[in-house]
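Heads up: the structure comes next, in structure tokens.
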Amino acid sequence: MKSATAVLPLLLVACTASQPPTPPIAPSPASAAQERSMAKRAPGQEPSAPLQIFRAFGTEPFWNVNVEGDTMTWTTPEDQVGVVMKGLRRSLDGGVEISGSHAGKAFVLTVTAGDCNDGMSDNRYTLVSAFRYGEIDYKGCGEAAK
């Protein structure tokens, strides 16, 4: 009886049909590009719609722009309260641009799909940002609001 009990599991394994492992399906180039162009999204943000709520930021010098629709709040370490600006928003291929003027200075924020590193950490982002306010240019990364 003991030998029959020991042989039974071996027989069950031998009788089980084996199938080759299924290779993982690689994402299509189109879906991978769409993921990169849209980055992380806030709740309610659809992948096909341009980013509505996001932030652009950079280092050297440190700066941050929080965006909701066509309203931006630009902050720096020296001005934590920030400057609120309202601009004209237009969609770009894989991104968005917001432009206008505030306090007599023109501004343009451009955020597009692209690989970005903030230069100070190992964090990688899927949006590249550029912000010009008056005569000063800022470069950095971007991400959907968390």
* To do: From 142, 95, 114, grab the single residue that is within 16 Å of residue 62 (Cα to Cα) and within 20 Å of the chain's Cα centre (by Cα).
  => 142
* To do: Answer yes or no as to whether residue 70 is of a type in the set (Asp, Glu) and over 18 Å from residue 143 (Cα atoms).
  => no
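Per-residue answers, yes or no, for (1) surrounded by 12 or more Cβ atoms within 10 Å (Cβ to Cβ); (2) under 16 Å from residue 55 (Cβ atoms):
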{"site": "73", "(1), (2)": "yes, yes"}
{"site": "107", "(1), (2)": "yes, yes"}
{"site": "123", "(1), (2)": "no, yes"}
{"site": "129", "(1), (2)": "yes, yes"}
{"site": "137", "(1), (2)": "no, no"}
{"site": "141", "(1), (2)": "yes, yes"}
* Got a number for residues in the range 57-86 being within 13 Å of residue 111 (Cβ to Cβ) and small (Gly, Ala, Ser)? -> 1
* Search result, residues across the range 69-87 that are of a type outside the set (Val, Ile, Thr) and free of Cβ contacts under 8 Å to residues at least 40 places away in the same chain -> 69, 70, 72, 77, 78, 79, 80, 82, 85, 86, 87
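Just so you know, all these numbers are worked out from the coordinates, no wet-lab data involved. This structure is a prediction, so every number in the text was calculated from the model and none was measured. Because the Cβ atoms are built from the backbone with ideal geometry, glycine has one as well, and the counts that use them run over all protein chains shown.
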